[in-house]
Amino acid sequence: MPTEYIDSQTFQKDDFTIAEIQRGNYDTCHFDSCNFSGVDLSGISFAACTFVNCNLSNAQLGNTAFKDAQFTDCKLLGLHFNDCNDFLFEVTFTNCTLDFSTFFQRKMKKTSFTNCSLIEVDFSESDLT
């Protein structure tokens with residue numbers, strides 16, 4: 001199955017719990033008020049993408065790539081960022097709720113958490129320099 005390439009698109013109020021997200025590489029895309037709750041995002045690449053007011057709680061992140069991804073006002077409960085692809089992993093969080101998520105052994109140099117809720121988040125063996 002060929003991998004789709006989606007470039008510079010805006011997704012607004014899409015509910016991916018109902019309509020399955022297209023597998024592929026998303027580059028400079030903007031997701032606004034989208035619902036990814038419990039969705040399997042495994043193997044999808046998000047490069048230079050922004051997520052605003054989105055719900056990604058309990059999404060599956062097996063080998064998901066977040067390369068320079070920015071999350072603002074998002075709900076990210078129970079995510080296993082340690083399952084993400086390591087290559088060029090770079091994320092920024094602003095006004096997000098990341099409670100009960102894990103970054104176990106994640107290399108997170110320059111990652112910023114601005115005004116975020118981080119209750120019971122696991123940073124064990126993470127590189128936060």
Along the range 25-34, what does the Karplus equation 6.51 cos²θ - 1.76 cosθ + 1.60 (θ = phi - 60°) give for ³J(HN,Hα), rounded to whole Hz, x for Gly and Pro? 10, 9, 10, 6, 9, 10, 10, 10, 6, 9
7 Å from Cα along Cα→Cβ at both residue 95 and residue 33: what's the point-to-point distance in nm? 1.4
Contact order relative to length for the range 51-104, counting C-alpha pairs under 8 Å separated by 6 or more residues, stands in percent at 39
When we measure straight from the Cα of residue 110, which lysines land under 19 angstrom away, once same-chain ones fewer than 8 places off are left out? 67
Using the heavy atoms of the protein chains alone and a 1.4 angstrom probe, what is the accessible area of the chain per residue in square angstrom? 53
If Lys and Arg each add +1 and Asp and Glu each add -1, what is the summed charge of the other residues whose beta carbon sits under 12 Å from the beta carbon of residue 106? -4
Two-site FRET efficiency, residue 129 against residue 17, from Cβ-Cβ distance with R₀ of 25 Å, rounded to 0.05: 0.10
Note down the accessible area of residue 125, probe 1.4 Å, to the nearest 10 Å². 130
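How do 89-97, 104-112 rank on mean C-beta neighbours within 10 Å, highest first?
Going from most to least packed, we get 89-97, 104-112.
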For residue 13, go through the lysines and keep the ones whose alpha-carbon is under 19 Å away, minus same-chain ones fewer than eight residues off. 75
About its Cα centre, the chain carries a charge dipole, from +1 on Lys and Arg Cβ atoms and -1 on Asp and Glu Cβ atoms, whose size in debye to the nearest 20 is 200
How large a share of the accessible area of the chain, in percent, is made up of carbon and sulfur atoms when the probe is 1.4 Å and the other protein chains stay in place? 46
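The values are calculated or read from the model by the stated rules, or taken from the named source; none is laboratory data. A quick note: this is a predicted structure, and the numbers were derived from the prediction, not measured. Glycine also receives a Cβ, built like all others from the backbone with ideal geometry; neighbour counts cover every protein chain displayed. Heavy atoms of the whole protein, side chains included, go into the accessibility calculation; ligands, DNA and RNA do not. Shrake-Rupley method; radii C 1.70, N 1.55, O 1.52, S 1.80 Å.
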